[in-house]
Amino acid sequence: MTRIFRQGAVIARRDFLAVVKTPTFLLFLLAPVFMLLFGWLGGSGASQVAEGASNLSRIAIIATERDADALRTADQRMRDYGDAPRLMIVAAGPDPMAEAKSLLETPGTDYLAVMFGPLEEPVIQHEQSAVKAAQWLQGVADQVLLSRRRGPPDTLSRPAYQPLKAQRAGVGMQRQTGYVAVVTVFMLTLLLAGQAVGMLAEEKSNKVIEILAAAVPLEAVFLGKLVGMFGVALLFVAFWSGLLGGIMLLVPGSGAELAALEPAIGLPTFLILGALYFTMAYMLLGAVFLGIGGLAATVRDIQMLSFPVTILQMAMFGLATVAAGQPQTALGRFAEIFPLSSPYAMAARGAHDPSLTPHLLALGWQAIWVAIIIWVAARLFRHGVLRSGGGLFAMIGRKAR
Amino acid sequence: MPSEFPVQADNLVKTFGKARAVNGVSLAVPQGMIYGVLGPNGAGKTTTLRMLLGIIDPDSGTRSLLGHSKPRDASDRVGYLPEERGLYPNMTARDAIAFMGALRGLDWKTGQTRGAVMMEAAGLGHAVTRKIKQMSKGMAQLVQLLGSLVHQPELIVLDEPFSGLDPINQQHLEALVRSERDRGATILFSTHVMSHAERLCDRLAIIAGGERRFEGTVAEARGTLPLRAHYVPCARAEEAGALLPADAVRDGDGWLFTVPNAGPEGLVTRLIGAGHGIAGLTIERPGLHEAFVRIVGEARAQGGTA
């Protein structure tokens, strides 16, 4: 066993240096900058569009001159409790329904809801999706009628809002924390583990696989390649974690959201477990991808394999998300046990369950599955690609090619 | 304790799909010898070597490498140059050698140091830090060969080591193989180029159609063929043919023929008595090339796929 690890370490070292020493690694390392930059550009563009659309939205009341001021006052008062599109008061003419229709069809402005008729029995026409806007108009009418019935209120409350930190994290907050863990581990794995699909392509194209296969067991080759690429992933994560950590230290309040997370197991343990589960998620999915990619005969095959591989990842994410939202259900338990979704689901578990033992068991369980997947992948490669031996593995390996 | 036969194979069989690549090959490579596996293209040489090394498993039969029935258990004591050469193109030559050594258990630094020394000795001292992709095919091939020797293996397996090398490098390689044998290593190599085998091999096996057709020394292989004579008469060369064996053919001024089993003495007496005289007479054993052609030819005639 020690020999396999030693041989694996030789391959891991080669792979790690082969990636890190190339100029493309810099591009890989800085890829999130481009992602963030384009995300910011896209986001600000979308925000401007949304903001512009919001500015063009209106609600309207076709009212008599007598009601207009009261309606304006009621609308202003209601805006202390919530928000709605800007209110337009239109003087009522002989045919309010026609005026309402005309308003709703006004080009360049979106009238979401228009109210007309007597305040006691108003007619509110609205866009199908603008029920809230319609209800707002009803509220304005109600306020006017209440004021008239009781007179204007002498005093209105002037509360002082004091947000309190909860003594104990609420269930909602815990689930949210769990979800954050799932998304973080998933995103990192999605970004980094997918590369494993093409990792054996180099050895197959330059014939080095023959040297490796003659010198070391294929299990050591697979393990070494996986660890080598995980080293690259770790470097990536360390670089960005260090950068973000530095920013948090230097800019006061920038780490507030992280500090606000209150996992049941405690934040430091939660973060350590997150790192361990990222390792296991990478190893598990990486081993699957490596095994599938190893069977691919051509680069085109590898490209074709990327799609089902992504679907598989998304499925695991979906399963783990369910586990984060419904941790005590059968589906949640299944997600925690099923090897490929287990790291995500267990990362979320720390948010609502303070017990450490399930995590130790889960990590051991996942490590066993890493070994099993590597073992199966090596056998499929040996029988399918190197064409050694017969039996079930040979049949599956050759069919897969 | 070194095994008397570092490589042993008994009745190895390997089938790919419907094609039987190796059909019951048995080998025993003695310690400290250069052993050649000869055969035409597609004879099953590479498949046999890959089975011996444990890269692939045989369908049936047994093998033993340096005393281990699982060849992988002895991999740190074996050096291997595959037929399909391959190195990482972005590695330097020195690192490529160190990497191959490290796979077989050699410390990386030692591998680098030895690699540089070996390259110097092979006339590649100027290219120690050059990347593989910047080297010629022949240079890269030598680097790979050095990589398979850097950990000073007890057994060296070379699959078609001379292919792709120019005559100078072929000579280098021959010298290297001999020096490895002198160091005490056992060398097993495959080739279909008879001249190398004839010069290098202490023993050899000829494989054709997936089966072993011959096993022995070069002399024994040549001994499977009768002596050939080249005779130049002093006079009446055409008429001399009537006294010669039936397979005699003209060759310039003389005749080429197989020496009769009884020996050349009776024939010589008759030729002199008939007044043809002897201007020249050379009797020699045919080379390994002829022996190989005959053995492989017989295999094909028997319906093998050689």
* To do: Take the stretch B:128-211, compute every pairwise Cα distance, and split them into 10 Å bins from 0; I just need the percent in each bin.
  => 15, 48, 30, 7, 0
* Structure fact -> Whole-Å distance linking the alpha carbon centroid of the stretch A:63-109 with that of the stretch A:262-299 is 57
* **Helical mean residue ellipticity (222 nm; -39500 (n - 2.57) per DSSP H run of 4+; nearest 500) of chain A** => -23500 deg cm²/dmol
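Gain in length, A:Trp40 to A:Ala160, computed as 0.36 nm per residue apart minus the alpha-carbon separation, to one decimal in nm?
Computed gain between A:Trp40 and A:Ala160 is 39.7 nm.
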* Using mean Cβ contacts within 10 Å as the protection proxy, how do A:63-75, B:27-39, B:134-146 order, highest first? -> B:27-39, B:134-146, A:63-75
* Asked: Say R0 is 35 Å: what FRET efficiency, to the nearest 0.05, do B:Asp10 and A:Phe5 get from their beta-carbon distance?
  -> 0.55
* To do: Add +1 for every Lys or Arg and -1 for every Asp or Glu among the other residues with Cβ under 13 Å from the Cβ of A:Pro96, and state the total.
  => -3
* How do B:114-122, B:201-209 rank on mean C-beta neighbours within 10 Å, highest first? -> B:201-209, B:114-122
* Can you give the average number of partner chain beta-carbon atoms within 10 Å of each beta-carbon in peptide B:68-78, as a whole number? -> 2
* To do: Of the DSSP beta bridges with both residues in the stretch B:151-306, give the percent that are antiparallel, rounding to the nearest 5.
  => 75
* Hey, what D do you get for the stretch A:241-384 in µm²/s if you plug the Kirkwood alpha-carbon radius into Stokes-Einstein at 10 °C and 1.306 mPa s? -> 94
* What is the sum of charges around B:Gly216, taking Lys and Arg as +1, Asp and Glu as -1, for the other residues whose C-beta is under 12 Å from the C-beta of B:Gly216? -> +1
* To do: Provide the percentage of antiparallel DSSP beta bridges, counting only those with both residues in the protein assembly as shown; round to the nearest 5.
  => 55
* Go ahead and set up a Gaussian network model of chain A, Cα springs under 10 Å, then flag whichever of A:Tyr344, A:Tyr277, A:Tyr111 fluctuates most. => A:Tyr111
* Quick one: helix B:167-183 against the long Cα principal axis of chain B, what's the angle to the nearest 10°, folded into 0 to 90? -> 70
* To do: Could you please rank A:Met346, A:Met229, placing first whichever residue has the fewest other Cβ atoms within 10 Å of its Cβ?
  => A:Met229, A:Met346
* Structure fact -> Using alpha carbon positions and the Kirkwood radius, the Rg to Rh ratio of the stretch B:7-222 is 0.97
* Structure fact -> In nm, the gap between the two label points placed 7 Å beyond Cα toward Cβ at B:Thr62 and A:Leu191 is 5.7
* Peptide A:7-14, shielding by other chains (average Cβ, 10 Å cutoff) -> 4
* Structure fact -> Computed from every Cα-Cα pair in the protein assembly as shown, P(r) in 10 Å bins starting at 0 and rounded to whole percents is 3, 11, 15, 15, 13, 11, 9, 6, 5, 5, 3, 2, 1, 1, 0, 0
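Applying a 10 Å radius around every beta-carbon, put A:96-104, A:132-140 in order of their mean neighbour count, most first.
Result, highest mean first: A:132-140, A:96-104.
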* Asked: So if we plug the beta-carbon distance of B:Ile272 and B:Asp251 into 1/(1 + (r/R0)^6) with R0 = 25 Å, what FRET efficiency do we get, rounded to 0.05?
  -> 0.80
* Which shape class applies to the stretch B:248-306: rounded if a/c is under 1.5, otherwise prolate when a/b exceeds b/c and oblate if not, where a ≥ b ≥ c are the square roots of the Cα gyration tensor eigenvalues? -> prolate
* Asked: What is the projected area of the convex hull of the Cα atoms of the stretch B:206-306, averaged over all directions, in nm²?
  -> 7.3
* Structure fact -> Within 10 Å of the Cβ of an average residue in B:99-107, the count of other chain Cβ atoms is 5
* Sorted from largest down, what three extents in whole angstroms do the Cα atoms of the stretch A:57-150 have along their principal axes? -> 39, 31, 18
* **Cα-centred dipole magnitude for the stretch A:1-69, charges only on beta-carbon of K, R (+1) and D, E (-1), debye, nearest 20** => 1080
* Structure fact -> Per the C-alpha gyration tensor (a ≥ b ≥ c, the square roots of its eigenvalues), the stretch A:335-388 is rounded if a/c is under 1.5, else prolate if a/b beats b/c, else oblate; here it's prolate
* Asked: Just how far, in whole angstrom, is the stretch B:205-270 from the stretch B:95-133 if you go by their alpha carbon centroids?
  -> 50
* Rounded to 5, the percent of DSSP beta bridges in chain A classed as antiparallel -> 25
* Of A:Leu243, B:Asn169, B:Trp108, which is farthest along the charge dipole of the protein assembly as shown in the positive direction, counting Lys and Arg as +1 and Asp and Glu as -1 at C-beta? -> B:Trp108
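Let me check I've understood the local charge: for A:Arg149, count other residues with C-beta under 12 angstrom from its C-beta, Lys and Arg +1, Asp and Glu -1. What total comes out?
Net charge in that neighbourhood comes out at 0.
Coordinate-derived values only; no laboratory data. Just so we're clear, the structure is a prediction, and the values are computed from it rather than from any experiment. A quick note on method: Cβ atoms are made from the backbone with ideal geometry, for glycine too, and the neighbour counts reach across all protein chains shown.
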